[in-house]
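For reference, the structure discussed in these notes is given below.
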Amino acid sequence: METLTHIMNGFAVCLQPINLWYTFLGCFLGTIIGVLPGIGPSAGIALLIPVTYGMNPTSALIMMSGIFYGARYGGSTTAILINTPGEASSVMTTIDGYQMALKGRAGAALAISALASFIAGTLGVVGLTLFAIPLASMALKFGPAEYFTLMFFAMTAVSSLAGKSPAKAMISTILGLMIATIGIDLQSGQPRYTMGVPELQDGVGFIIAVVGLFAIAEVFTTMEDMTRGVRTEIIRLKGRLWLTRDEWNRSLMPMFRGGIIGFVIGVLPGAGGTIASIMSYVWEKRMSKHPEEFGKGAIEGVAGPEAANNADTAGAMVPLLTLGIPGGGATAVMLGAFIMYGIQPGPLLFQNRPDLVWGLIDSMYIGNIMLLILNLPLIGIFVRLLYIPGGILMPLILAISTIGIYAINGNPVELYFGLVFGVIGYVFRKIDIPLAPMVLSLVLGGIMEQSFRQAMTISGANPKIFVGSPICITLVALSVLSILLPFLLPRLKAWRDGSRDTA
Amino acid sequence: MMTDRVIFVCTLIIAAVYFYATTLIPSLEIGDPLGPKAFPRLLGGCLLIAAGLLFLEMWKDRKNPAQTTGNAGAGAWRHAGVIVGVSVWTGAYYMVFDKLGYIVASAVYLLALMAWFHRGKWVANVLTSVLFAGLSYWMFVKLDVNLPKGILPF
């Protein structure tokens, strides 16, 4: 009953004209960000933070979450029309979506992708509504040791699942934590690793790092592709933007299954939309009566993954809002935004700011409806964005990134920091070091160190506190499992294959 | 494989420099049994463990070097020179950002990049760079984001 009251109050907040406008703006910008190459939701949200300083935090966060889930809708457009995922999570949509487009069914592929995104996105928000309060109540029992082990688990999970090499992901995580230690130590007041640079006394701003690592680095990579002569052909959108009855019937169950897979994967730290869409695709292929059609334009291969990667965004909001722990790059930036507005996500947020948290959750229901309208009848407008030449778009993104960094403190020195992060991000992409773990640890690093030191102060410097409660033991065990799993799984598979061969 | 070796060596160097820099932090441990050095030391140790894991991965894949080269194959670096140029040009843009002001510096910066990446379309390039610089300045100033005026009077 209490939850129902909160939901109703949340709707009262998100249906205010100003919040409806920001929901629309977030969804609109998110769709554009999803469609355009060179800028993803993480960088998009980070670039907007300085502009929203003067705004009401509820409206600002509603807009940012709109960008987060809106980008997933837009990401499928490029996947279907130019065989390039606008977002990493749309990678599976390229397989059958592009094949459908080649067969003249681009309209149907875009329609099912928007419908699947809407249905699963809404399912995901229902899941978020149902699970938020029980999880937040459980999180109230967390002390510094539990928080430290929880953040440790989030980082190990992200490290083990991001990229091809767990060791490189771990290096990325630890480098992020090391960068987070730069600046004045909050407990002793001593400067650390500032090298006498006054701009480093407050630490490295995460917005600068995110804009550099995601926006500038992505532009550099695209520019290099352009120099190499990599060209993409856009398939013209023609015919009816709707499905046949048979296509609808074939898509219905994959959408619901994808929604459930996406939500569950989204709640887990590290996995994210890409893994959710891969799992959904594999699942649909296994369930299908016509697996041979997959890869040749099977509509289930679009419906399932698109549903999964949209439900994942609502799932990802569960640990962010209830525990204050992001599970990936975009939610890490959102956590940073919360902190900048002086709001600490976590269990107390549900008690102290129910208007904000429920307004935000309920805005996702409204946002999904807006996105369905934006991505069905208005899709033709967004498709036009794909015709902007890269040679014009990429320099403009660099200029927007410059404004985003400069707007934080008006300090030109920070522009150089952004450029350095851009170069780091570009090099890391080339050598296959994933960036999401670094951003996650950059945002969580300060809180993680404080939790570690608080726990050690409580225990009189006895590290046994980190295995002193059932929650801690479970989280430490999960962390160890996350670290070992990427190394053990291939061995286990080889052993299983070997024993099968000898049998 | 070669790339991984370079990453391995760089990781060890970063860990060594970080450990050394940690010794330079002044210690004040009042009310804090660990002090400001403990967590960084832990991170330095973890980075060494990560380097060890990378070494294990390299050892495991030693017979299959093609798998570990990733995007960093011989051809991949050939066009990286352009990115060095763009980085230097961006650095130069930041150097004059305050002095020339946002509008002038951005218009020149954008025009040069577009002239390289969108060759031959002079009218479109000039119009886009000048209009974008002017309109974005106006829009962000309206949003209370202060961008440098520089040499322009407004």
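Does region B:15-37 hold any residues that are crowded, with 18+ Cβ neighbours inside 10 Å and more than 7 Å from every other protein chain (Cβ to nearest Cβ), and which are they?
B:ALA15, B:THR22, B:LYS37
Restricting to region B:122-145, give me the number of residues that are out of contact with any helix residue (DSSP H, G or I) (no Cβ under 8 Å at 6 or more places or on another chain) and in a loop (DSSP other than H, G, I, E, B).
Matching residues across region B:122-145 total 1.
Considering region A:295-318 alone, what residues qualify as being modelled with pLDDT under 90 and over 15 Å from the mean Cα position of the chain (by Cα)?
Passing the criteria: A:GLY295, A:LYS296, A:GLY297.
If you go through region A:389-422 one residue at a time, how many are in contact (Cβ under 8 Å) with a residue 60 or more places away in the chain, over 23 Å from B:ASN146 (Cβ atoms) and surrounded by fewer than 19 Cβ atoms within 10 Å (Cβ to Cβ)?
Result for region A:389-422: 1.
Please work out which residue is farthest from B:TRP138 (Cα to Cα), limiting yourself to region B:59-105 and to residues that are facing another protein chain (nearest Cβ under 7 Å) and modelled with pLDDT under 80.
Filtering region B:59-105 for residues that are facing another protein chain (nearest Cβ under 7 Å) and modelled with pLDDT under 80, the one farthest from B:TRP138 (Cα to Cα) comes out as B:GLY70.
Just to be sure I understand, how many residues within region A:172-223 are modelled with pLDDT of 90 or more, facing chain B (nearest Cβ under 9 Å) and not in a helix (DSSP H, G or I)?
3
Show the residue pairs meeting these rules: Cβ distance below 9 Å; 6+ apart or different chains; first residue within region A:127-147 and farther than 15 Å from A:PRO354 by Cβ; second residue of a type in the set (D, E, K, R).
The qualifying pairs are A:ALA139/A:GLU146; A:PRO144/A:ARG453.
Only one of these is over 30 Å from A:LEU481 (Cβ atoms) and touching a residue at least 40 places away in the same chain (Cβ under 8 Å): A:ILE275, A:ILE265, A:ILE260, A:ILE207. Name it.
A:ILE207
With touching a Leu at 6+ places or on another chain (Cβ under 7 Å), part of a helix (DSSP H, G or I), among the aliphatic types (A, V, I, L, M) and under 13 Å from A:LEU150 (Cβ atoms) as the only criterion, which of A:LEU320, A:LEU349 stands out?
A:LEU320
For A:PHE118, indicate whether it is among the aromatic types (Phe, Trp, Tyr), surrounded by 24 or more Cβ atoms within 10 Å (Cβ to Cβ), assigned to a helix (DSSP H, G or I) and out of contact with any His (no Cβ under 8 Å at 6 or more places or on another chain).
The answer is no for A:PHE118.
Could you say which residue among A:GLY66, A:GLY97 is assigned to a helix (DSSP H, G or I), over 30 Å from A:ILE343 (Cβ atoms) and not β-branched (Val, Ile, Thr)?
Testing whether each residue is assigned to a helix (DSSP H, G or I), over 30 Å from A:ILE343 (Cβ atoms) and not β-branched (Val, Ile, Thr) leaves just A:GLY97.
Looking at A:MET448, A:MET394, A:MET456, which one is under 24 Å from A:LYS141 (Cβ atoms), assigned to a helix (DSSP H, G or I), within 23 Å of the chain's Cα centre (by Cα) and within 10 Å of chain B (Cβ to nearest Cβ)?
None of the others qualify; the one that does is A:MET448.
I want to confirm something. Restricting to region A:145-171 and keeping residues that are over 27 Å from A:ILE465 (Cα atoms) and in a helix (DSSP H, G or I), which single residue is nearest to the other protein chains (Cβ to nearest Cβ)?
The qualifying residue nearest to the other protein chains (Cβ to nearest Cβ) is A:ALA167.
So, A:SER482, is that one more than 10 Å from chain B (Cβ to nearest Cβ), assigned to a helix (DSSP H, G or I), within 21 Å of the chain's Cα centre (by Cα) and of a type in the set (Gly, Ala, Ser) or not?
Considered against the rule, which asks whether it is more than 10 Å from chain B (Cβ to nearest Cβ), assigned to a helix (DSSP H, G or I), within 21 Å of the chain's Cα centre (by Cα) and of a type in the set (Gly, Ala, Ser), A:SER482 comes out as yes.
Output the number of the condition that A:TYR426 fails; it satisfies all remaining conditions of (1) within 9 Å of chain B (Cβ to nearest Cβ); (2) surrounded by fewer than 23 Cβ atoms within 10 Å (Cβ to Cβ); (3) farther than 23 Å from B:ASN146 by Cα.
If we test A:TYR426 against (1) within 9 Å of chain B (Cβ to nearest Cβ); (2) surrounded by fewer than 23 Cβ atoms within 10 Å (Cβ to Cβ); (3) farther than 23 Å from B:ASN146 by Cα, just (2) comes out false.
Assess whether A:ALA157 counts as being on the phi < 0 side of the Ramachandran plot, touching a Cys at 6+ places or on another chain (Cβ under 6 Å) and not hydroxyl-bearing (Ser, Thr, Tyr).
no
I'd like the residue in region B:106-123 that is farther than 18 Å from B:VAL82 by Cα and facing chain A (nearest Cβ under 9 Å) and, out of all such residues, is modelled with the lowest pLDDT.
The residue in question is B:LYS121.
Can A:ILE18 be described as out of contact with any strand residue (DSSP E or B) (no Cβ under 7 Å at 6 or more places or on another chain), part of a helix (DSSP H, G or I) and surrounded by fewer than 17 Cβ atoms within 10 Å (Cβ to Cβ)?
Yes, satisfied.
Of a type outside the set (D, E, K, R) and farther than 20 Å from A:VAL420 by Cβ: which single residue out of A:ALA132, A:ALA209 fits that description?
From the options A:ALA132, A:ALA209, the qualifying one is A:ALA132.
Quick test of your reading of the structure: B:ILE151 fulfils all but one of (1) more than 9 Å from chain A (Cβ to nearest Cβ); (2) of a type in the set (A, V, I, L, M); (3) surrounded by 15 or more Cβ atoms within 10 Å (Cβ to Cβ); (4) part of a loop (DSSP other than H, G, I, E, B). Name the failing condition by number.
For B:ILE151, the failing item is (3).
The values are calculated or read from the model by the stated rules, or taken from the named source; none is laboratory data. All values reported here derive from a predicted model rather than from experimental measurement. Don't worry about glycine lacking a Cβ; one is built from the backbone with ideal geometry, like all the others, and counts go over all protein chains shown.
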